[in-house]
Amino acid sequence: MLSRISDDKEEAKWVGWPLAITFAALTLIFDNSIFGFCSVLALLSTFGFMILVAPGRVTVGSQDERVAQSVYLTALSFTLTLLAWLVFYTDWFAPLLELRQPLQSFELGMLTLLPLAYFSGISQLSFFLLKEKPWLRFSAELIGLISEIAVVTIALLYKLDTMFWIAALFLMWNFLDKFYRLIYKHVSYVSACTLFALFFAGISALIKSNIDVIMPYLEFLGL
């Protein structure tokens, strides 16, 4: 679903808000999480978020390549993700507790699409839009790294499987990017592959030697 549908030079037509409202109404009427998921996706599309599927690839991110628009989408997604976590998994704010039951059918979409939109936005900023501005890029990458570690930790504590995999995916992507930029580009191909293999062999050995301690924390993932 896209918030703007254009054909050649035809004037853009906005469809995100009607879709979001329609799916939200269906969610409340039928108490169905699939409708809730579609409602959250349509809402995000009104702010420029897109999921584009084409042969051989899936593109996730902002439709607009302006930095300001990407920052806006990223900040909005982060705020809504934080709000969703506070509503569904904490008892810190009494007024938010009253929203838990009415929004229950939106939980899947809010805890899946909102983090996906946030990490896509911060990745688009750090890997593409700010690549010619080193300090801004470094700031975006640092924020992304801290966020990824924080979300993985929260997902482990509250047993949020979907949120865990989304954060873990972007954390791995972040690591591979740093490996490519800091090591792969500065050593030979054989040396880079050897270092990569040694690193993962070490991680695998560490995990295997502590598997009895680690697995109880990962039971919610169904591994």
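Two-decimal Rg/Rh of the stretch 117-158 from alpha-carbon positions, Kirkwood Rh? Present the calculation step by step, with values, prior to reporting the outcome.
On the way: Rg = 11.5 Å, Rh = 10.6 Å.
Rg divided by Rh gives 1.08.
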> Taking the stretch 115-196 as the region of interest, what is the percent of Cα-Cα pairs per 5 angstrom bin, listed from the shortest bin to the one with the maximum distance?
Replying inline: 3, 15, 22, 21, 15, 14, 8, 2, 0
> What residue among Leu99, Leu28, Leu80 shows peak mean-square fluctuation when the chain is described by a Gaussian network model with Cα springs under 10 Å?
Replying inline: Leu99
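Express in % the proportion of alpha carbon pairs of the chain at distances exceeding 29 Å. All intermediate terms of the calculation are to be shown ahead of the outcome.
On the way: 9270 of 24753 pairs.
Roughly 37 percent, once rounded to a whole number.
With the cut-off at 28 Å, tell me which of the pairs Lys131/Lys208; Lys178/Lys208; Lys133/Lys185; Lys159/Lys208 have Cα atoms farther apart than that.
Numbers: Lys131/Lys208 38 Å; Lys178/Lys208 25 Å; Lys133/Lys185 19 Å; Lys159/Lys208 22 Å.
From Lys131/Lys208; Lys178/Lys208; Lys133/Lys185; Lys159/Lys208, over 28 Å: Lys131/Lys208.
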> Of the heavy-atom accessible surface of the chain (probe 1.4 angstrom), what whole percent is carbon and sulfur?
Replying inline: 70
> Taking the chain as a Gaussian network, Cα atoms linked when under 10 Å apart, which of Phe119, Phe164, Phe93 shows the biggest mean-square fluctuation?
Replying inline: Phe93
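Find the Rg to Rh ratio for the stretch 74-170, where Rh is the Kirkwood radius over alpha-carbon pairs and Rg uses the same atoms. Display every interim value, and only then the final one.
Numbers: Rg = 14.4 Å, Rh = 14.0 Å.
The Rg/Rh ratio comes out at 1.03.
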> About the Cα centre of the chain, what is the dipole size in debye to 20, counting +1 per Lys and Arg Cβ and -1 per Asp and Glu Cβ, all else neutral?
Replying inline: 660
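The values are calculated or read from the model by the stated rules, or taken from the named source; none is laboratory data. This is a predicted model, so every value here is computed, not measured. Glycine gets a Cβ as well: all are built from the backbone with ideal geometry, and neighbour counts include every protein chain shown. Just the protein is used for accessible areas: all its heavy atoms, side chains included, with ligands, DNA and RNA removed. Shrake-Rupley method; radii C 1.70, N 1.55, O 1.52, S 1.80 Å.
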